Amino acid sequence: MEPVALTATPVSGQAVPMKRTTPLPETVTCEYPDDGQAAKAVDKPKTAGVPATGTVTVTLKTNQGDIAMELDRSLSPCGVNAIETMAQSGYFNDTICHRITGGGLNVLQCGDPTGTGTGGPGFKFAGEWPVKDSGLDHNTPVIYPKGSIAMANPSNPDANGSQFFLNWADSQLPPQYTVLGSMTDEGTKTVEAIAKNGIEGGGTSDGKPAKEVRITTAEVKA
């Protein structure tokens, strides 16, 4: 079956706030306990004095175009610290984005060097915003807005590893996925174009991108 362009189903509800009501201190301490076998060699992130202000840009250079991500340390400093460290280590280089979805969940998922959806960096870290401190009910779906970036996790908000998802349209999910920041407008357009290519085999809701999305390098600019 030929692939068809993915479409987003209109969703309603409260949007995840993209700013904390009460700011974090200038720096925080993070924990990255071991968690299984690393899918690829990677440096472990630092744990002390992790900055909780400002942003860092990580640009995914892919064969389908650049995806620039503006990661917000004030939202989820431990998550941003982890992604930044992995990018600097080359962990995301020459990896594919293995999953794309359409409907009420509209994401491109990346960050697994195995390309299977099961690989991770050999460590994990706890959920941050909006998993904690937001006051949102974990069982009530909210809107992860178009352009936002969040950590994927295996049904456990405190088991974040290396996989993350990019929302090419508004997505409805329970607030159990740590928000890292947002893509630039151009980055969002790149992911929208990938969604228009559809799913391998002609699926309309969940599967591999019809055209492979390969991250050649992940470039960090503080």
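Per 5 Å bin from zero, what fraction in whole % of the C-alpha pairs of region 1-60 is there, up to the bin with the longest pair? All Cα pairs, binned at 5 Å, distribute as 4, 9, 11, 13, 15, 14, 13, 14, 5, 2, 1 percent. Between 26, 70, 84, the residue with the greatest mean-square fluctuation in the GNM of the chain (Cα pairs under 10 Å linked by springs) is 26.
For the chain, a Gaussian network of Cα nodes joined below 10 Å ranks 210, 15, 152 by mean-square fluctuation, and the top entry is 15. Between residue 159 and residue 4, residue separation times 0.36 nm minus the direct Cα-Cα distance comes to 52.4 nm. Exceedance of the 30 Å cut-off in Cα-Cα distance is limited, within the set 44/189; 40/221; 44/196, to 44/189; 44/196. The heavy atoms of residue 30 present about 0 square angstrom of accessible area, all protein chains included, probe 1.4 Å.
Scoring 139-147, 167-175 by mean Cβ neighbours within 10 Å over their residues and listing the highest first yields 167-175, 139-147. For region 109-222, the Kirkwood estimate of hydrodynamic radius, built from reciprocal distances between every pair of different alpha carbons, is 15.2 Å.
Note on region 40-145: Kirkwood radius taken over Cα pairs, Stokes-Einstein applied at 37 °C and 0.692 mPa s, translational D equal to 212 µm² s⁻¹. Straight-distance candidates among the aspartates and glutamates for linking to residue 61, with alpha-carbon spacing under 17 Å and chain neighbours fewer than 8 residues away dropped: 70, 84, 94, 112, 185, 186, 192, 212, 219. Take the solvent-accessible surface of the protein heavy atoms, probe 1.4 Å, and return the percent of it on region 174-222 that carbon and sulfur atoms account for. Exposed carbon and sulfur together represent 45 percent of the surface. Using heavy atoms of the protein chains and a probe of 1.4 Å, the accessible area assigned to residue 192 is about 50 Å². Protein heavy-atom accessible surface, 1.4 Å probe, per residue over the chain: 44 Å².
Around the Cα centre of the chain, unit charges on the Cβ atoms of Lys, Arg, Asp and Glu (plus for the first two, minus for the last two) sum to a dipole of about 120 debye. What trypsin sites (Lys or Arg not before Pro) does region 1-64 have in DSSP loop regions with at most 13 other beta carbons within 10 Å? Passing both the DSSP loop test and the Cβ count: 19, 46. When all alpha carbon pairs of the chain are counted in 10 Å bins from zero, the resulting P(r) reads 9, 36, 39, 15, 1, 0 %.
The values are calculated or read from the model by the stated rules, or taken from the named source; none is laboratory data. Keep in mind that what you see is a predicted model, and the values were worked out from it rather than measured. As a convention, Cβ positions derive from the backbone with ideal geometry for all residues, glycine included, and neighbour counts pool all protein chains shown. Just so you know, the surface numbers come from the protein's heavy atoms only, side chains and all, with ligands and any DNA or RNA stripped out. Shrake-Rupley method; radii C 1.70, N 1.55, O 1.52, S 1.80 Å.
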